[in-house]
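Taking it in order: structure first as structure tokens, then the write-up.
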Amino acid sequence: MNNLRYYINKALNEHFALGAINFNNMESLQGIKNACKNLSSPAIISVSEGALSYMGDDFVMALSSACKKEYPYLFLHLDHGKSFEVCKKAVDLGFDSVMIDGSALPFEENIKLTKQVCDYAHQKDVLVEGELGQIKGIEDNVSSDFEHFTNPQSAKEFVEKTGVDTLAIAIGTSHGAYKYKGEQTLRFDILEKIESILPNFPLVLHGASTVDEYLVNQINQFGGNLTHAIGIPKALLQKAVKEHNIIKINTDTDLRLAMTAQVRKVLEEKPEEFDPRKYLGPGREEITKVVEDKILNIFFSKDKI
Ligand SMILES: [Zn+2]
């Protein structure tokens, strides 16, 4: 069985991405697993600090190991760890990789914290993702009102001084379902500078949900109220994967939309229904569809196991 490092290198060489897909319960994880299994795609299954406390450490590990037993090409990752302690806990629990997000700290402090996590995690062969620059939006306990694009020169210094395995960069993606007010663009000029200074280094995009209109419309049609929800256009993500060194694409919002759309639909259409399997089941199927679409059209990770 190849490890996560193998798939990161493979993604870099073959220009595909590993979907880093967040889960919060059994149904969402099964939905992700089914999509990956159907299309023979490797992927990263992520839990945020919030999801870890929602499910509890033991349930996260049990769900993940049940999942890997059925389909082993899934790697458990801590999304947006904010402290050395939570990263250490994830490493000790047996995660494949952890993210230490020191992006809100001053540069030198971010380096210090990230290096501390790397020194610990690498002893146990666990990979570490760092973040430099700030990504807008709100996701669980991670929020930022403003955006600082990643400085390419600082990125090189950061990677060299910390020893991170992958780096999350800020080039215009954002967390949540409301990603743009104006023009939908990504700063490919900054990405190119980073790649010229840090050649062949695996980069990560957070906040990369596409917020597909049909899901938003379905939610609104069945009693929801999501106005001005807008995501990253598919074409920009395709370009980032096909022509650049983006090897990990984080997706959470789109799965939340998929689950919510189906739950709302079933409960509205069948008000007599009260068996949770009857609405969570369709939610799980919708998640599978959404993830399959991403594997085929954004991650390009079909048949890459
Ligand atoms: Zn993120």
Which of the aspartates and glutamates could a cross-linker span from K33 if the Cα-Cα distance has to be under 20 Å and same-chain partners fewer than 8 positions apart are dropped?
D57, D58, E70, D79, D96, D252, D254, E285, E286, E292, D293, D303
Using only DSSP helix segments of four residues or longer, with each worth -39500 (n - 2.57), what per-residue ellipticity at 222 nm results for the chain after dividing by its residue count and rounding to 500?
-15000 deg cm²/dmol
How large is ³J(HN,Hα), in whole Hz, for each residue of the stretch 122-135 in order, when computed from phi with the Karplus curve 6.51 cos²θ - 1.76 cosθ + 1.60 and θ = phi - 60°, using x for Gly and Pro?
5, 4, 9, 6, 9, 7, 10, 10, x, 9, 9, x, 10, 9
Straight-line reach from K181: which lysines have a Cα under 30 Å away, not including same-chain ones fewer than 8 places off?
K82, K136, K193, K234, K239, K242, K248, K265, K289, K294
For the stretch 15-84: rounded, prolate or oblate by the Cα gyration tensor [a/c cutoff 1.5]
oblate
Using alpha carbons only, how many degrees (0 to 90, rounded to 10) separate the axis of helix 188-197 from the longest principal axis of the chain?
40 degrees
Within the chain: Cβ-based charge dipole about Cα centre, in debye rounded to nearest 20 (Lys, Arg +1; Asp, Glu -1):
540 debye
Under 1.5 on a/c is rounded, so check that first for the stretch 1-117, then, if it is not, pick prolate when a/b is larger than b/c and oblate when it is not; a ≥ b ≥ c are the square roots of the alpha carbon gyration tensor eigenvalues.
oblate
If I fit a long axis through the Cα atoms of helix 84-93 and take the longest principal axis of the Cα atoms of the chain, what angle between them do I get, 0 to 90°, rounded to 10?
70 degrees
Convex hull over the alpha-carbon atoms of the stretch 62-220: what's its volume per residue in Å³?
146 Å³
Fraction of antiparallel bridges per DSSP, the stretch 110-240 only, in percent to nearest 5:
30 percent
For N2 and A62, extending 7 Å from Cα along the Cα-Cβ vector and measuring point to point gives, in nm, a value of 3.3 nm
What is the distance, in nm, between label points placed 7 Å from the Cα along the Cα-to-Cβ direction at L105 and at K270?
5.0 nm
Taking the convex hull of the alpha carbon atoms in the chain, what volume per residue do you get, in Å³?
119 Å³
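If you count the DSSP beta bridges with both ends in the stretch 1-113, what percent of them are antiparallel, to the nearest 5? Walk me through the intermediate numbers first.
Values: 0 of 13 bridges.
Of all bridge pairs located within the stretch 1-113, approximately 0 percent are antiparallel.
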Cα-based shape type of the stretch 49-105, given that a ≥ b ≥ c are square roots of the gyration tensor eigenvalues and the cut on a/c is 1.5:
prolate
Taking 7 Å along the Cα-to-C-beta vector as the label spot, tell me the Y214-K289 distance in nanometres, rounded to one decimal.
0.6 nm
Does anyone have the angle between helix 253-269 and the longest principal axis of the chain? Alpha-carbon axes, 0 to 90°, nearest 10?
10 degrees
Convert each backbone phi in the stretch 243-251 into a coupling constant with the Karplus relation 6.51 cos²θ - 1.76 cosθ + 1.60 (shift: θ = phi - 60°), then list the ³J(HN,Hα) values in order as whole Hz, x for Gly and Pro.
10, 9, 9, 7, 10, 9, 10, 8, 9
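Laboratory data are not the source of any read-out in this text; all were calculated from the coordinates shown. Bear in mind that the values here come from a model prediction, so they are computed numbers and not experimental data. Every residue, glycine as well, gets a Cβ built from its backbone with ideal geometry; the counts of neighbours run over all protein chains shown.
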